[in-house]
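Working notes for the structure below.
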Amino acid sequence: MRKLGTVVIAISLVALLGIQIYQLLRGGQKETAQVEAAVLLEQIREVCKLVTVEGDFSELYTEKNLREVTLNLPIPTYWEFSKEAIIEVRGKVLVGYDMEQLSIKIDSTKRTVTFSNLPEPDILAIDHELRYRNLEESFFNSFSPEDYTQLNKNAKEALRKKAYESELLPKARAEGNTMLEGLRFMMENMGWRLQYETPRTLPNTESTGVAG
């Protein structure tokens with residue numbers, strides 16, 4: 001299903017690009033090219049975030065806290081009161097591309113489409129839930145509502161760290177390269193060339209930043 005979603009998005013982008021290029025060829029004016037490029041950019045920006053892979057994670061998270069209390073008895077006496085939370089955090093991590101910064105330039109004379117500010121894959125969202133496996137607290141060191149909020153935040157960050165240590169980001173990059181390579185191939189068949197302002201290595205292309 002994930003691959004199907006990627007293919008659908010890629011086809012949609014290609015279709016939008018094809019429509020804009022066709023309109024550019026019919027217009028033939030520089031002002032029109034600028035307008036159409038802006039329209040194309042806005043249409044692609046409607047996607048905003050492109051998810052290419054997702055992963056399910058489960059992590060057992062433990063957090064301990066130790067509080068020292070001084071009791072002024074005949075002599076100062078130090079006591080330690082602890083609290084501990086064992087939490088099972090499960091979540092779905094979505095990885096892909098934030099398309100907000102992507103820029104597209106269309107040159108109808110040279111028949112080129114230039115991408116700039118291509119994003120790198122990153123974690124786009126984490127949908128998680130917590131299950132408290134064990135909570136131990138003491139009279140002088142109990143869990144407050146703020147503690148539960150912080151536990152939720154810390155558990156989510158633990159899940160994020162585990163996702164970064166996994167193979168999700170390399171897989172997302174591979175999926176993104178595959179999509180761009182498909183877009184490049186279809187543009188070449190229409191007599192256009194896809195290029196990049198910053199170098200980007202794609203399968204079966206040279207590392208000069210120009211595809212085609």
Would a scan of the stretch 179-196 turn up a residue that is surrounded by fewer than 16 Cβ atoms within 10 Å (Cβ to Cβ), of a type outside the set (Phe, Trp, Tyr) and not in a helix (DSSP H, G or I)?
-> yes
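To keep it simple, each residue is scored yes or no on (1) polar (S, T, N, Q); (2) at pLDDT below 85.
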| position | (1), (2) |
| --- | --- |
| 131 | no, no |
| 135 | no, no |
| 138 | yes, yes |
| 144 | yes, no |
| 156 | no, no |
| 166 | yes, no |
| 208 | yes, yes |
Spot the failing condition for residue 176; the list is (1) over 15 Å from residue 122 (Cβ atoms); (2) modelled with pLDDT under 90, and only one is missed.
-> (1)
Does residue 100 qualify as being farther than 30 Å from residue 70 by Cβ, surrounded by fewer than 18 Cβ atoms within 10 Å (Cβ to Cβ) and either at pLDDT 90 or above or hydrophobic (A, V, I, L, M, F, W, C) (or both)?
-> no
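Listed here are the residues, each with its yes/no results for (1) of a type outside the set (Ser, Thr, Tyr); (2) assigned to a loop (DSSP other than H, G, I, E, B).
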residue: 109; (1), (2): no, yes
residue: 114; (1), (2): no, no
residue: 127; (1), (2): yes, no
residue: 147; (1), (2): yes, no
Members of the stretch 141-161 found to be surrounded by 13 or more Cβ atoms within 10 Å (Cβ to Cβ), of a type in the set (Lys, Arg) and over 15 Å from the mean Cα position of the chain (by Cα), listed by number | 156
Which number in (1) part of a loop (DSSP other than H, G, I, E, B); (2) more than 21 Å from the chain's Cα centre (by Cα) marks the one condition that residue 166 misses?
-> (2)
How many residues of the stretch 62-82 are modelled with pLDDT of 85 or more, of a type outside the set (Asp, Glu) and surrounded by 11 or more Cβ atoms within 10 Å (Cβ to Cβ)? The answer is 3
Could you grab me the full set of residues in the stretch 113-137 that are surrounded by 12 or more Cβ atoms within 10 Å (Cβ to Cβ) and within 23 Å of residue 181 (Cα to Cα)?
-> 113, 114, 115, 116, 117, 118, 119, 121, 122, 123, 124
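The values are calculated or read from the model by the stated rules, or taken from the named source; none is laboratory data. Quick caveat: nothing in here was measured; it's all calculated off a predicted structure. Cβ atoms come from the backbone with ideal geometry, glycine included; neighbour counts cover every protein chain shown.
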